[in-house]
Amino acid sequence: MTGFVTVGLLESTTDLLAEPLVSALARDHPGIELRLMTAYSGHLQQWLDDGDLELTLLYNLADTPSLNLRPLVRERLWVVAPPSAGLRRDQPVPLARAAEHPLVMPAAGHALRGLIDGAAGRAAVEMDIAVQTNSMRVQKQLVRAGHGWTILPGLGIAEDVADGTLGAAPLCEPDVWRSIVLGMSRAGRTPPAVEAVARELLCQITSAVDQERWPSAQLHTRAASTDDT
């Protein structure tokens, strides 16, 4: 099997998925030439619509006429603070408590910001936004420097919590989850090389969740089964 395939990965998933995906494809499909692009969901969707990507991870996106979307994972959002705050993974933090501190937030228009703003509206919580940025790396850097707390997906801060440079706890009251989907264009026939890459990406995501390398994540099929019971 041969072909050139361009894949979009969410910024928060690159450390978890990029290298294993490349290794698996090099082993099983050495004829496929892979190109990896990383960005936020909105940019990835635009690149997919423009034909610059063959497939991509996106989140909190409903079905659209131009895209075929497959639900993959839902992932809880976490409150993130300097280690001195004493946050613990077994003690969820209400949004109202997080909002007692200045917040370092994604820039307005970012999908993650939309999730947080929606939660604040439902809980009638007013947030003191100290800084806005379009970079998760900058969000974490500013929190480490003491400029405020933030709210991020668990995957984006797992290594920081493990090495003790940040503290984190699941967000609650309300719980907030992001749903990650695999997006592909509806236009035309999907080439075999693209199908092969999509299958391998799904395998890597399933393995990461099963091996608990993706914090507080649930595979869509299992989450749906739990919701039905």
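Quick notes on this one:
- Flag for Leu103 being surrounded by 15 or more Cβ atoms within 10 Å (Cβ to Cβ) and under 24 Å from Leu61 (Cβ atoms): no
- Residues of the stretch 30-50 satisfying the condition of being farther than 22 Å from Leu155 by Cβ, open to solvent by 50 Å² or more (accessible area, probe 1.4 Å) and not basic (Lys, Arg): Pro30, Glu33, Gln46, Asp49, Asp50
- Filter pass, Glu173 being at pLDDT below 95 and open to solvent by 80 Å² or more (accessible area, probe 1.4 Å): no
- Only residues that are touching a Leu at 6+ places or on another chain (Cβ under 7 Å) and closer than 22 Å to Asp175 by Cα were counted in the stretch 123-151, giving 13.
- Search result, residues across the stretch 51-67 that are over 21 Å from Leu219 (Cβ atoms) and open to solvent by 70 Å² or more (accessible area, probe 1.4 Å): Asp52, Pro65
- Some residue of the stretch 111-127 being free of Cβ contacts under 8 Å to residues at least 12 places away in the same chain, under 30 Å from Gly3 (Cβ atoms) and open to solvent by 40 Å² or more (accessible area, probe 1.4 Å): no
- The stretch 133-143: number of residues that are at pLDDT below 95, open to solvent by 30 Å² or more (accessible area, probe 1.4 Å) and among the polar types (S, T, N, Q): 1
- All of Gly156, Gly183 fail the test of being buried (at least 18 other Cβ atoms within 10 Å of the Cβ), assigned to a helix (DSSP H, G or I) and touching a Ser or Thr at 6+ places or on another chain (Cβ under 7 Å), apart from Gly156.
- Taking first residues from the stretch 166-190 that are more than 16 Å from Leu87 (Cβ to Cβ) and partners that are open to solvent by less than 30 Å² (accessible area, probe 1.4 Å) and polar (S, T, N, Q), the Cβ contacts under 7 Å between residues at least 6 apart in sequence or on separate chains come to Gly183/Thr56.
- When we screen Leu36, Leu21, Leu77, Leu58 for residues that are among the aliphatic types (A, V, I, L, M), farther than 29 Å from Ala98 by Cα and in contact (Cβ under 8 Å) with a residue 60 or more places away in the chain, the only hit is Leu21.
The values are calculated or read from the model by the stated rules, or taken from the named source; none is laboratory data. Just so it is clear, the structure is predicted and the values come from calculations on it, not from any experiment. A quick note on method: Cβ atoms are made from the backbone with ideal geometry, for glycine too, and the neighbour counts reach across all protein chains shown. In case anyone asks, the SASA skips ligands and DNA or RNA and just uses the protein heavy atoms, side chains included. Shrake-Rupley method; radii C 1.70, N 1.55, O 1.52, S 1.80 Å.
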